Each structure stands twice: as structure tokens, then as C-alpha cells.
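For reference, the structure is listed below as C-alpha cells.
What follows is calculated from the coordinates using simple rules that are stated; it is not laboratory data. Remember, predicted model here, so these are calculated numbers, not experimental data. Here the Cβ positions follow ideal geometry from the backbone for every residue, glycine too, while neighbour counts run over all protein chains shown.
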Amino acid sequence: MNVVAAPATRVRSSVSHSFREYRQAVTASFVPLDVSRVGSDPFWGRLRTVDVDPVHVSEIMASQHMVERTSSLLAGGEPAYYKASLQVSGTGLLIQDGREAVLQPGDLAIYDTGRPYSLLFENDMKMLVLMFPRDHLGLPPEAIAQLTAHSFSSDDGLGAMIIPFLQNVSQNLDRVGGVTGPRLVHSAIDLITTMFANELDLDADPGDSHQLLMQQIRRYIDANLGSPELAPAQIAAAHFISTRHLHGLFRQKGTTVSTWIREQRLEKCRRDLIDPLNAHLSVGTIAARWGFVEAAHFSRVFKAAYDSSPTELRARMFASR
């Protein structure tokens, strides 16, 4: 995991009176995209983005247009992001992985910037977009690939509880750039994760025992991250399997048990470090909260993961306020 840390909170606003300016603003705010006009009516567009390290929360308002992430725009080694889009007004057509989803106001959809996709808006629209690294979702990419270009409605299921929260975020974007911004954004992503996990029905699928076991193991690890004693032997014993079997499960996912634990701990620490509500806590206290016993070791592995020491990340966070 090698993520470049950016300033914790930054607000970018762009009011575009020309199509060219709008197209430039879209590419600067997200990933390289092709933006084209639809129809002959005069174009207008407005893009406002709040960066909450490393999540980008954007409000988009524009007239008819089309956005495409083509194969030619995919760059090797580029960070992998998900984009979760909430249609606030107007309608949109999302296409990815051979599927199409018509997005009505109140619908949520997810798509992966690592694969081609397109969005078509044939009338005036408003949309809230959260773009975040894949690993923030906490679900296997192969599982999320089943959900791309599907619409989730605010009329039923968990969507009826979760999507209204996202609608409130859209209506109060200024607060995302405030002191509580990091918590609001990460709460939003956690809620989206909950909705997708429920949709995938991971816990109830008896057809893939390995998948079910991995979900149980990941939940166990997450619940015990603060324990310095958390180790493969303990995890294996808690799930009545051998340590060899445990290592094999993680090897199938392209990682190791220790790497997974370290990455989850580091991400929890990063979240706490950029949260202004934790400003009174020392770096050492936050590290210990998530199972790092030695301050020097924590600082070293944190810098290796984020190209920034915990102290440097925190300093940038306060300097940006």
C-alpha cells in the first residue's frame, strides 16, 4: 500500500461558463475523462469539490453532456478508485461492465475508474460524487464488480435509510469542508459499505464457504485491531482452522495475514490522525489505540505506506485549515 498523502481538507470551486472550462475542471477533479456535448443548446456547468484526504466529494451541476472513461485513458500504475454517485436531480445513464443503469433522483450507483465506463445526461442534472481508493470500501473488488452499473433506490431496503444521509451531505457540502468533514465522509463510506455488503448477501451465501470464512475472519480482525497480541495463531484458533489454512486463504487474495492486519491498522490510524476531533490525542496514543506498541516502528511503517510521517500528515492537516 503506497498512497501519497494530500492535505486533509481542501475546497475547490469552479463555475464554468464555457464547455472547455467545464471539461478541464472535470478532468482535474477526477481521473482523465472524455467529456462531450449532447445536443445544440448552450452549455452551462458548475463543479464544486471538497478534498477530504484522500476522498474527493464533488457536487456537479450541468446541462446535457456525456462523460466517458475510455480504454485509452486507463494508465498502468494509476491508483484504483471507486466512484459512488448519487443522482440529486435530472436523470443519468451509467454504463460499465456490459450493464446499464438509469439513475433517477434519489438513486445511488457505483463504478470503478480502473475499467471503462460512460455517463450520459440528456437534460439538466445535479449529482453528488464520492471518489475514494478501492480499499476504503472494505469489500473484495471481485464482489463489488457484481454491483457496478446497478442503481440503488432510496425507496426501499437499506437505501431508504442510507441514501437520505447522502442527500443531506449534498445539501450541506460546506460542512464537509469543516471540522467534522472527515467523520462525515468516512461515515458515508461506511454506510455505503454496509448497503453493498447487504446487497451482496455475503454472510448468507452458502455456495462459497471460503468467501464466507474470509468475511468472518476480516470482521474478527477488525474487531481486534487494537490488541497488540493479534496474530495468525489467535485468528486461526478463533475460527477452528489451522494457521496453514489461514495463510492459504489470504494467499489466494494476493496478500498475507500480517500485511492485511498492518494495512487495516494504518488506515485506522490515518483516519484518527486527520480527524480534528482527535487533535488533543498524541500520535503515540492513536498508534497504541490500534495495536502499534513501538512509536519508532509505527512511524516507519506509516511513512512507507503514505510517503509521509504521522507528524507531517497532521501538520498539513492543520496548516490547511
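Numbers for the structure displayed
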item: FRET efficiency, 1/(1 + (r/R0)^6) with R0 51 Å, evaluated for S40 and A279 via beta carbons; result: 0.45
item: Gain in span if fully extended, A296 to W260, counting 0.36 nm per residue against the direct Cα distance; result: 10.9 nm
item: For the stretch 37-48, Karplus couplings with θ = phi - 60° (6.51, -1.76, 1.60), whole Hz, Gly/Pro x; result: 7, 10, x, 10, 5, x, 8, 9, x, 9, 10, 10
item: Axial C-alpha extent at least 18 Å, average Kyte-Doolittle at least 0.5 - helices from the chain (DSSP); result: 181-200
item: Calculated FRET efficiency for the pair R175/S18, C-beta based, R₀ 22 Å, to 0.05; result: 0.15
item: Trypsin sites (Lys or Arg not before Pro) restricted to the stretch 216-299 and DSSP loop, no more than 16 other C-beta within 10 Å; result: K253
item: Charge context of R300, other residues only, Cβ under 14 angstrom, K/R +1, D/E -1; result: 0
item: Calculated [θ] (222 nm, deg cm²/dmol) that DSSP helices of n ≥ 4 give over the chain, each run adding -39,500 (n - 2.57); result: -12500 deg cm²/dmol
